[in-house]
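Remarks on the structure that follows.
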Amino acid sequence: MVENNNTNVNLYNEYEKNFTIMDDTLKDCPDIVRRKVILNSGKEGCFFFVQGLCDIDLFQRDFMTPLLNLKKLDMDEIKYLPNKLPVAGLTFPLVIDNLIQDILAGNAVFICDGLNCGISCTLKKYEKRSIREPEGEKSVRGDHDGFIEDMATNIATIRRKLKTPNLKFKDFTIGSLSHQTISVAYLDNIANPNLLQIISDKINQIDTDSLIAIGYLEQIIADHPNSIFPQYLSTERPDKAIAGLLEGKFVIMLQETSFVMIAPVTFHAFTQTPEDYTTHWLGATYLRLLRTMAILIALFLPGIYIALLTYHYYMIPLPLLVSLAQSRTKVPFPPVIEAFLIEFMIETVREASIRLPSFITASVSIVGGLVIGQTAIQAGVASDLMVIIVAASAIAGFTTPTYDLGISIRLIKYIVMICSAIFGILGVVVPMVTLLAHLLVLDSLGEPYFQPILPFKFGDLKDTYIRAPIRFLKKRPDIAKPLDKERGKKNG
């Protein structure tokens, strides 16, 4: 709703004047109910609420009926009203614009003749989906609940698992049209107040009409907006968010979105899952090393293969080289074009499986993975080993726990493939070094992105590529500069 200068004024004592301004501002809004009434005292008044956002039963029982039965309602009686109305969240806005914002937020509002203030009551009730496990973050041994689009429910989910008064929430209102709420959760006496101030400054500087999803906010407040690497960890899993809070990190929640952001984070946080802490430390370490190797395979395997075929074929063992030559006799394209054709087919199948209904996704994957791949080999468009190499790279990329990092890996892989086709094995080494240098200069909320590798912190290594036994994880990671570095102390 565009700001109206007529609404940014205090309410008048005349009911008709207030009603005219509000009714004109809210015209062509059929979902906003206006219910005119006459009080027992003979004064005229009107209730406003949004149909579908307000609990009608509570409105009629606890708000409208008690007000109608009042024998006297004037400015002198306003201060006694909270004792006479059995409702929570009772406020008395003095500005018409604030009153309208309360209506649009789902509150029930009442204006009356002789009152130069409104009566606003929180009676929100609207449809919301049930709590269930996030589709994109499946759990084997962890919790099977997830965040939803209702912030009050998300806050309650966190509060249910962290029963401490040190769990704090700092709220902000953004969006000139949406007036959305951003809530930053943190643990007092653990979280660093300097980082909280940095987050607050970034959010206060946001100038936008609306934020449709948490990804908008992530891009706006990112320290390096041009980097393809995610600098904040997005998740729908409460256990992951709570683990971040216990490490002194901050959880940023946006109203009407089910994803939350955890900050600050390191690169290694995107390769870890909650199951790493619910399984034996040897199994968790194995899985982490497996994911790390899979990321390297996804990044560099196609590029290395292209470089060997194009420039360094003498490094390939002779028996394998003979079979490669035979399989490539029918392929009219150079290795890099061949690889990009297969990658293009895999990417289209992947995108189709995401966009199509779930009951035909499996069929599309089978058709794309078997029929198209086999047909491409028989038609001479691609060699069998190239299909294996590209497929292995794609499967390795699927092991990445977070969607954002998976996109970054795929983009970098294409750069490596192009460079290797031009410069050979040097085209693999140079992007590798450049990638490492880029990770070293990145930061998340001002904290080094690639720690504990650089700056090197030996104590934090036990929870990166390996996962030490729980009894050895007594200190919180240094990424968030927590005030209390020791776990298990009585922090409230």
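Some observations on this one:
- Under-5 Å amide H pairs with Ile316, H placed in peptide plane, nonlocal only: none
- Taking Cα atoms only, the orientation of helix 15-25 departs from the longest principal axis of the chain by about 20 degrees.
- Mean separation of Cα contacts under 8 Å (6+ apart) over length of the range 185-340, as relative contact order %: 19
- Pairwise FRET efficiency - Asn166 versus Phe344, Cβ, R0 = 45 Å, nearest 0.05: 0.30
- Note on the range 224-378: the C-alpha convex hull projects to 14.3 nm² when averaged across all orientations.
- Counting 0.36 nm for each residue step from Thr173 to Gln378 and taking away their Cα separation leaves a gain of 67.8 nm.
- Ligands, DNA and RNA excluded, the heavy atoms of Cys419 present near 30 Å² of accessible surface to a 1.4 Å solvent probe.
- Relative contact order, percent, the chain [alpha-carbon distance under 8 Å, six or more residues apart]: 14
- Separation between Cα centres of the range 172-244 and the range 59-119, rounded to whole Å: 34
- For a modelled paramagnetic label at Lys457, 7 Å from Cα along Cα-to-Cβ, the residues of the range 255-286 in reach, with backbone nitrogen under 19 Å, are 262-273.
- Linear extension gain, Thr434 paired with Asn8, 0.36 nm per residue minus alpha-carbon span: 148.0 nm
- Per residue accessible area in Å² of the chain, where ligands, DNA and RNA are left out and the probe is 1.4 Å: 50
- Carbon/sulfur fraction of accessible area - the range 1-112, other protein chains in place, 1.4 Å, %: 49
- Sorting Leu301, Leu290, Leu442 by accessible area puts them as Leu290, Leu301, Leu442; the probe is 1.4 Å, largest comes first, and only protein heavy atoms count.
- Computed from Cα atoms alone, the Kirkwood hydrodynamic radius reported for the range 422-492 is 14.5 Å.
- Accessible surface of the range 270-316, 1.4 Å probe: 79 percent of it comes from carbon and sulfur atoms.
- 3J(HN,Hα) from dihedral phi, the range 123-128, Karplus parametrisation 6.51/-1.76/1.60, rounded to Hz, x for glycine, proline: 10, 6, 7, 8, 5, 8
- Residues whose placed amide H lies under 5 Å from that of Gly146, excluding near-sequence neighbours: Arg132
- For the range 193-313, diffusion coefficient by Stokes-Einstein and Kirkwood Rh (Cα), 25 °C, 0.890 mPa s, µm²/s: 144
- Counting protein heavy atoms only, the range 421-492 has 73 percent of its accessible area on carbon and sulfur, 1.4 angstrom probe.
- Too-long pairs where the Cα-Cα distance tops 27 Å, listed order kept, from Lys79/Lys163; Lys202/Lys462; Lys168/Lys481: Lys79/Lys163; Lys202/Lys462
- Per-pair calculated FRET efficiency, R0 = 25 Å: His224 and Asn194 via Cβ, rounded to 0.05: 0.80
- Among the trypsin sites (Lys or Arg not before Pro) in the range 122-189, those placed in a DSSP loop whose Cβ has at most 13 other Cβ atoms within 10 Å are Lys128, Arg129, Arg132, Lys138, Arg141, Lys163.
- Phe398-Ala105 FRET efficiency (beta carbon distance; Förster radius 41 Å; 0.05 resolution): 0.45
- Of the listed residues Ile252, Ile377, the order by accessible area with a 1.4 Å probe, largest first, is Ile377, Ile252.
- Ile415 paired with Asp443, simple spin-label distance in nm, labels 7 Å along Cα-to-beta-carbon: 2.2
- Once both labels are positioned 7 Å from their Cα atoms along Cα-to-Cβ, the gap between Gln326 and Ser353 label points is 3.2 nm.
The values are calculated or read from the model by the stated rules, or taken from the named source; none is laboratory data. All of these numbers come straight from a predicted model, not from anything done at the bench. Glycine gets a Cβ as well: all are built from the backbone with ideal geometry, and neighbour counts include every protein chain shown. Just the protein is used for accessible areas: all its heavy atoms, side chains included, with ligands, DNA and RNA removed. Shrake-Rupley method; radii C 1.70, N 1.55, O 1.52, S 1.80 Å.
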